[in-house]
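Shown next, in structure tokens, is the structure this report addresses.
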Amino acid sequence: MLELLRIRNLALIEDAELEFSSGMNTLTGETGAGKSFIMRAVDFIMGQRMDRKLVRPGAEKAVVEALFVLPEGDCIIRRELSAETGRSRVFINDKLSSQDAVKELRPKLIIHTSQHGQQKLLSPAFQSEILDTFLPDSSLLDARDAAMAELRSVLEQIEALDRKCEDIAKQREFLEFQKREIEQVNPVPGEEDALEERKGMLKDRERAGECLRKALDCIHGDTNLIDVLSLLSREMDIIARLYPDFEDDRAAVEEFRLRLHELESRLRRDPEDIEEDDSDMTLDDIESRLFKISQLKRKLGRGLGDIAAHFQQICDDLSFLDACSLDRKRLQKRESEVCRTLSEALDALNKARKKAARELCLHIEAELTDLGFSEHVRVEYEFRPVEIHPGVTDYKGRLMWVPNPGQPPQPLDKIASGGELSRFLLALVSLRRGQGGEHLPTLIFDEVDAGIGGLTLNSVAAKLRELADRQQMLLITHWPQLAGRAERHFSIVKEVEGNETFTRCTRLDQDQIREELARMGGGGQQGDALAASLLDR
């Protein structure tokens, strides 16, 4: 039950607070006073979008708050609309939430019927949905939906497979060319770095050999250092014997002579002995290999590390292209299996639909008779085949009716007037029941009495009163015959103060209700008499 609704800074409403009762709550006022904005505020808090231009001029935001009393406890929903950005925020029990969460709550909180609902009723698709809501076994719909979801999944896989095969087929020649190019070079990840390292090592070895040769030339040049040192060493021996203080010099010359012999021996080593390497690649081989790798990188526009992954992707794509026909046959087989399952589910569902349609139409006829239609009114569902997939047929129900005897059945959207549609919608709402019979959502009727008058109005009023005894109702009406049956009556008035316009929402007391009913009845003695009779009843 909607117990409290507060609206601030929305359109012409500066600050309005409406405390509703159980049963029927009526909102009345002149056309253009802003009654529908009260209902739009409820729709806004239930998740519908609203233009930021509807924020009252000068205000930063519009705020709508609602208190719902449910069996499990109170539920407070607040939604704010920013005038600057047009963005909204929603809170459930003072916790920031999402619009999806509110939309999930909506079916247990509100059922809003309006002239827009009448237009929906004219849609054959909506008429078919109505029938499905009255099926006694919802598992039939679940089975249909599960099979449909699986069929969509298989079809999406087939479409993706075909699309990928088509894309790869267009590139097949190019992919095969790239594959051959890579195979001819056959690069190995990390090979380029290894070759550069080997190249540097060979260059170092070549330079070392040259230095060794030059060092030996220095020793064995025009003046052989070894021979000169040998002669110097013999002379120093004699000098040291004659002059003992030259002994250290003689020893130094002898040590240098011996070290030069050792140096000569070491310089005669092969440069290849400096560092052993089991590779037989020459410097020219390395340069040639690096050139091929560089060309491949330039052609493919990729680094060596990416080329290996690219090659694997090419192989996978070409293999996929070869195998996709098998994959497609497998998916087509699965499609056939799912279609059989779906057809079986639809057969069971359509049998249940036809049975439910007969019962639903009898109930609608009874409700329509209570709402002032002829006792001869007839309602039926016409089922037409609709192919939803090759080989899979569903049957969609379309409401047909005979408002007057002697006429053939006609589609509801072809012959129903506005008043007839209003009563038809009211009849359908009357047939809905809450789950478990404990909690029923609040009914909102926004000018459901459009196009109705005369004795029919009394029938509609009685039906609304019957519904209000079952569940809470908010009713916007221009008819005093309907407003006079409410437990609580609110007047919606547009006022101008200074240069500003305001919509005021006021709960009426007994005297004010009498005045409002008299106004709605045309005023004067006639209006007063009508108001008195309605209130006395």
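What follows is calculated from the coordinates using simple rules that are stated; it is not laboratory data. Owing to the predicted nature of the structure, the values given are computational and were not obtained by experimental measurement. Cβ atoms come from the backbone with ideal geometry, glycine included; neighbour counts cover every protein chain shown.
Numbers below:
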item	result
Residues CYS361, CYS315 arranged by fewest to most Cβ contacts within 10 Å	CYS315, CYS361
Cβ-placed point charges (K, R +1; D, E -1), dipole of the chain about Cα centre in debye, nearest 20	3720 debye
Label-point separation in nm, LYS494 to GLU30, each point 7 Å along Cα→Cβ	0.9 nm
The chain: relative contact order in percent, alpha carbon pairs under 8 Å with at least 6 residues between	24 percent
The chain - mean residue ellipticity at 222 nm from DSSP helices (-39,500 (n - 2.57) per run, n ≥ 4, rounded to 500)	-19000 deg cm²/dmol
Under 28 Å from the Cα of LYS494 - lysines, other chains or at least 8 residues apart	LYS35, LYS53, LYS61
Helix axis angle, 172-185 relative to the chain longest principal axis, alpha carbon, degrees	20 degrees
Gain in span if fully extended, GLN410 to HIS363, counting 0.36 nm per residue against the direct Cα distance	15.0 nm
Proximal aspartates and glutamates to LYS329, defined as alpha-carbon separation beneath 15 angstrom and excluding residues fewer than eight positions away on the same chain	GLU156, GLU159, ASP162, GLU337
Hz values of 3J(HN,Hα) by residue in segment 480-492 - Karplus curve (6.51, -1.76, 1.60), Gly and Pro given as x	x, 4, 8, 4, x, 9, 7, 6, 9, 10, 10, 9, 10
Cβ-based charge dipole, the chain, positive-most Cα from VAL402, TYR243, LEU70	VAL402
Computed FRET value (nearest 0.05) for ARG340 with ALA169, which takes r as the C-beta separation and R₀ as 30 Å	0.40
Rg/Rh for the chain, where both radii come from Cα atoms and Rh is the Kirkwood radius	1.45
Percent RCO, i.e. relative contact order, over segment 77-141, from Cα pairs under 8 Å lying at least 6 residues apart	15 percent
Derived scalar couplings ³J(HN,Hα) [segment 28-35; Karplus, 6.51 cos²θ - 1.76 cosθ + 1.60; whole Hz; x for Gly, Pro]	10, x, 5, 4, x, 6, x, 4
For TYR395, TYR243, order by how many other beta-carbon atoms lie within 10 Å, fewest first	TYR243, TYR395
Dimensions (Å) - segment 59-147, Cα atoms, principal axes, largest first	48, 33, 27
Angle between the chain longest axis and helix 418-431 axis [Cα atoms, degrees, rounded to 10]	70 degrees
Lys/Arg +1, Asp/Glu -1 at C-beta; the chain dipole; positive extreme among LEU10, LEU258, MET281	LEU10
Förster radius 60 Å - calculated FRET efficiency between SER294 and LYS354, Cβ distance, rounded to 0.05	0.20
Dipole-positive endmost among ALA348, GLY523, VAL55 within the chain (Cβ charges, Cα centre)	GLY523
Degrees, to the nearest 10: 454-470 long Cα axis against longest axis of the chain	60 degrees
Local electrostatic count at ARG49 - Lys and Arg +1, Asp and Glu -1, tallied over other residues with Cβ under 13 Å	+4
Contour excess over end-to-end distance, with Cα ends at ASP509 and SER319 and 0.36 nm allotted per residue	60.1 nm
Inverse of mean 1/r across different Cα pairs in segment 275-406, Kirkwood, Å	22.5 Å
Which of VAL379, VAL102 has the fewest Cβ neighbours within 10 Å, and the rest in rising order	VAL102, VAL379
Reachable lysines, given that their alpha-carbon falls under 22 Å from the alpha-carbon of LYS179 and they are not under 8 places away in the same chain	LYS164, LYS170, LYS292, LYS297, LYS299
15 Å beta-carbon shell around PRO385, net charge (K/R +1, D/E -1)	+2
In sequence order, calculated HN-Hα J values of segment 50-64 (Karplus, 6.51, -1.76, 1.60; Hz; x Gly/Pro)	9, 5, 5, 5, 7, 5, 4, x, x, 9, 6, 7, 9, 10, 10
Cα-based shape type of segment 157-329, given that a ≥ b ≥ c are square roots of the gyration tensor eigenvalues and the cut on a/c is 1.5	prolate
Placed amide H near GLU3: partners under 5 Å, 5+ positions off or other chain	LEU67, PHE68, VAL69
